[in-house]
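Here's the structure we're looking at; comments come further down.
The values are calculated or read from the model by the stated rules, or taken from the named source; none is laboratory data. None of the values given here were measured: they were computed from a predicted structure. All Cβ positions, glycine included, derive from the backbone under ideal geometry; neighbour counts span all protein chains shown.
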Amino acid sequence: MHSASKSWLLLSGFVLFYIIYLLFGALVFSSIERPAEDELRLDTQRLKETFLNQSCVSAATLELFLSRVLAANKHGVSVLRNSSSRSNWDLASSMFFANTLVTTVGYGHPTPLSDAGKAFSIAYALIGVPFTMLVLTACVQRIMQPLVLAPVGLLQRAGLKPRPATVVHFLLLLLAVVLCCLLAPAAVFSALEASWTFLDSVYFCFISLCTIGLGDFVPAARPGQPYRALYQVAVMVYLFIGLMMMYLLLRTFHKMADVHGLTTFFQLPRCEASLMDDDTEPIVCNDPTPPRPKDRPATKPLDPGSQPSYNSINKG
């Protein structure tokens, strides 16, 4: 089959599978969540009728009151007791909002109230989002050697072949990320947030580190939260480190796909195209003390296969 035809066929298959996956998710979410929504709607309607029967407030007045309360709550302003004593736009809270904006997590609590705030958010994110991605990329480039290249080299020295070594390393890195960036932080969040279960906390960590940010769980939003400013700063640090580790995991998977020939099979760009010089250093050197360039014969060409790396491993 012609290369261009194969490429378009694969692309069509990806798009078709994506649509099927969305439909599958829609069916599952609808079957799970719609009964819960209907039950909540009935409970809310009963509560409203009970309130109207026990008070002299008209239905129109109650509707107006509820619509304004819900609109204010959407922007992080609550009428509940002990909720009006703190501002959502003090220095720590504003920095927390800026962090969720430039990392594209975007919990939606709070949100800008004024037109000036909305306009500034656009300009701020226009610069901040790519700059944050640049900083994350630079950090990942610096930790590739100690966390990816060196461990794979150790596994190869232990006797594993290159392809099994990359798989074992990826699984170990995945386990470390799950433990250190999902389960351990979830235990901390479930202890600090009184209304969160451990599952809620795991769900929050996963949604945040995938930059989905649904906003149904927001840390430090509970009224009377002790050390709220310090808590928000700690969450910002966690988000940055967690996003960095997620990006590292994706880069490692991409490299492993290169070694196993998956990127070539699916006609995807190789990871090596975007690597810096530090990443292209060999994982294992056959000669621990290679001669200096001036000692090598000038007429003898270098053998690129003599130093196996992610980018030079023979796929055959």
**OP:** Tell me which residues, restricted to the stretch 222-240, are hydroxyl-bearing (Ser, Thr, Tyr), without any contact (Cβ under 8 Å) to a residue 40 or more places away in the chain and part of a helix (DSSP H, G or I).
**Re:** Tyr231
Subject >> Where Ser195 falls short, out of the listed (1) among the hydroxyl-bearing types (Ser, Thr, Tyr); (2) under 30 Å from His109 (Cβ atoms); (3) in contact (Cβ under 8 Å) with a residue 60 or more places away in the chain >> reply: (3)
**OP:** From Thr252, Thr264, grab the single residue that is under 28 Å from Phe14 (Cα atoms), of a type outside the set (Lys, Arg) and buried (at least 18 other Cβ atoms within 10 Å of the Cβ).
**Re:** Thr252
**OP:** Starting from residues that are at pLDDT 80 or above and either hydrophobic (A, V, I, L, M, F, W, C) or in contact with a Leu (Cβ under 7 Å, 6 or more places away or on another chain) (or both), keep the ones in the stretch 63-90 and report whichever is farthest from His109 (Cα to Cα).
**Re:** Leu64
Subject >> Listing of helices (runs of 4 or more DSSP H) fully contained in the stretch 94-208 that carry 2 or more residues being within 17 Å of the chain's Cα centre (by Cα) and crowded, with 17+ Cβ neighbours inside 10 Å >> reply: 115-144, 162-177, 184-192
Original post:
Taking the stretch 104-138 on its own, how many of its residues are at negative phi and out of contact with any Leu (no Cβ under 9 Å at 6 or more places or on another chain)?
Top reply: 23
Subject >> Check on Val57, surrounded by 10 or more Cβ atoms within 10 Å (Cβ to Cβ), at pLDDT below 85 and under 23 Å from Pro219 (Cβ atoms) >> reply: no
**OP:** Quick one: in the stretch 191-225, of everything that is within 21 Å of Met133 (Cβ to Cβ) and touching a Gly at 6+ places or on another chain (Cβ under 6 Å), which residue is modelled with the highest pLDDT?
**Re:** Leu209
